[in-house]
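Written below as structure tokens is the structure these notes are about.
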Amino acid sequence: LLPPHDILAFNDYDKGLAYARKVNKPVLIDFTGWACVNCRKMEDKVWGEDEILPLIRDEYVLVSLYVDERKELDEPYVSKLSGKKMRNVGNKWADFQAIHFETNSQPYYVLVAPMKDGSFKILNQPTAYDEDVDAYREFLECGIRQFEAIQ
């Protein structure tokens, strides 16, 4: 999977968090979709801006979770939230988003600090589609400040 703007990105939550712990950086969880028009708009119109791209690329570990990824799971499971069988990777990430963040809209961005025990701490109020570059920069900078405060 090719991330936008050549940003190093993980499409697996656990691998992304493990890497973030190793390099001691906060994580930008990007709930996205292949068929998400607003996701591409955010990547093009906001992430590509000079004041945003270096923050994402250099200060965060990007974990992009595609809620419409059709790749079959090695082991399907039954969602604790919906009681439905989760059969593919997209189902897994949509279920994860609904369980942990009580929403299933995309794009949806969550800044977290990976904790040593494998869990995470949310750093600030998650955000959704908004092409306001200044607001997105403040969202990212706030996450960095919160991450540094708990180190």
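The values are calculated or read from the model by the stated rules, or taken from the named source; none is laboratory data. Note that this is a predicted model, so its numbers are computed, not measured. Here Cβ is always computed from backbone atoms with ideal geometry, including for glycine, and neighbour counts include all displayed protein chains. Keep in mind that these areas ignore ligands, DNA and RNA; they rest on the heavy atoms of the full protein, side chains included. Shrake-Rupley method; radii C 1.70, N 1.55, O 1.52, S 1.80 Å.
Hey, how much of the P(r) for the stretch 8-104 falls beyond 16 Å, as a percent of Cα pairs?
Here the tail beyond 16 Å accounts for 60 percent of pairs.
Which one of W47, W34, W93 has the biggest mean-square fluctuation once the chain is modelled by GNM with Cα springs under 10 Å?
Maximum among the listed residues: W34.
Tell me the angle of helix 133-149 to the major Cα principal axis of the chain, expressed in degrees between 0 and 90 and rounded to the nearest ten.
Tilt relative to the chain: about 90 degrees.
Report, in listed order, any pair from K15/K121; K25/K121; K41/K71; K22/K121; K71/K92 with a Cα-Cα distance greater than 21 Å.
K41/K71
Taking all protein chains in place and a 1.4 Å probe, what share, in percent, of the accessible surface of the chain do carbon and sulfur account for?
Here carbon and sulfur together make up 48 percent of the probe-accessible area.
Per residue, how much accessible area does the stretch 23-151 show when a 1.4 Å probe rolls over the protein heavy atoms, in square angstrom?
53 Å²
How much length is gained on full extension from I99 to V78, taking 0.36 nm per residue of separation minus their Cα-Cα distance?
Details: separation 21, 0.36 × 21 = 7.56 nm, distance 1.29 nm.
Here the answer is 6.3 nm.
Using a 10 angstrom cutoff on alpha carbons, build the Gaussian network for the chain and name the most mobile of L73, L17, L65.
Among L73, L17, L65, the largest GNM mean-square fluctuation belongs to L73.
Using a 1.4 angstrom probe on the protein heavy atoms only, could you order D68, D44 from most to least accessible area?
Ranked from most to least accessible, the order is D44, D68.
Report the percentage of all Cα-Cα pairs in the stretch 57-151 whose separation exceeds 18 Å, rounded to a whole percent.
54 percent
How many angstrom lie between the Cα centre of the stretch 1-71 and the Cα centre of the stretch 98-129?
Here the two parts' Cα centres lie 13 Å apart.
Using alpha carbons only, how many degrees (0 to 90, rounded to 10) separate the axis of helix 89-101 from the longest principal axis of the chain?
60 degrees
Which Cys in the chain stand alone, with every other cysteine's Cβ at 4.7 Å or more from theirs?
C142
Quick one: angle between helix 13-23 and the longest Cα principal axis of the chain, in degrees between 0 and 90, rounded to 10, please.
In the chain, helix 13-23 runs at an angle near 30 degrees to the longest axis.
Have a look at the DSSP beta bridges in the chain and tell me what percent are antiparallel, nearest 5.
Of all bridge pairs located within the chain, approximately 60 percent are antiparallel.
Mind checking the stretch 3-101 for trypsin sites (Lys or Arg not before Pro) that DSSP puts in a loop (not H, G, I, E or B) and that have at most 13 other Cβ atoms within 10 Å?
Sites meeting the loop and neighbour criteria: R70, K71, K80, K84.
Modelled label-to-label distance, R87 and I122, 7 Å Cα→beta-carbon offset: nm?
3.1 nm
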